[in-house]
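Contents: one structure, followed by commentary.
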Amino acid sequence: MPRSYHKHAHGFINLMDDRICFTRSGNWQEAEQAPERTAGKTALHGVHVAIGAALVLGGGLVIGLNESSHFGYSFMLTVGLIGLGCFKLYNALRFDFGPSFHVPFPKVKTIEPTHDGFILRFLNGVLQEDFIKIGTSPEAAQDLQARLEASRR
């Protein structure tokens, strides 16, 4: 079967003959180099949480300073600028929130369809049961199911 890819909420699903790859960009070179998943969360998850916490604390500090001083800044303008900054940061970094790994087809246990995509249950690189919920089109789940069945023949 030829290679195919599908977009999902945090990146792309690249389907190869022997594995399913989750990538941020959909680039085939990234898909071929993606490591097998060994843990649920990556080190980048902690970085993203720290950045989000710093943004919230920074916004609270600005609002607190605005309330305690007589600079005359508008409270709504401050909140609006913080919200706009968070929105722009999220849009710029949203694909960095997505996972980048692969799962060999022999390790896939089940594909459970949901109303907005599917849940993939599999054995990860350290042979522990793992799962990932993917929000994508029904065509992506059907394509994955067909490739999985073809690999098991």
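What to note about this one:
- Given (1) modelled with pLDDT under 75; (2) of a type in the set (Ser, Thr, Tyr); (3) out of contact with any Pro (no Cβ under 8 Å at 6 or more places or on another chain); (4) within 22 Å of residue 8 (Cβ to Cβ), number of the condition residue 136 does not satisfy: (1)
- Annotation: of all residues in the range 123-141 being of a type in the set (Val, Ile, Thr) and assigned to a strand (DSSP E or B), the one that is surrounded by the fewest Cβ atoms within 10 Å (Cβ to Cβ) is 132.
- Condition broken by residue 151, with the remaining ones in (1) touching a residue at least 60 places away in the same chain (Cβ under 8 Å); (2) among the hydroxyl-bearing types (Ser, Thr, Tyr); (3) closer than 21 Å to residue 8 by Cα satisfied: (3)
- Residues satisfying the stated conditions in the range 88-123, i.e. at pLDDT 80 or above and within 17 Å of the chain's Cα centre (by Cα): 100, 101, 102, 103, 116, 117, 118, 119, 120, 121
- Residue check for residue 63: at pLDDT below 80 and surrounded by 14 or more Cβ atoms within 10 Å (Cβ to Cβ): yes
The values are calculated or read from the model by the stated rules, or taken from the named source; none is laboratory data. This is a predicted model, so every value here is computed, not measured. Using ideal geometry, Cβ is built from the backbone for each residue, glycine included, and neighbour counts are taken over all protein chains shown.
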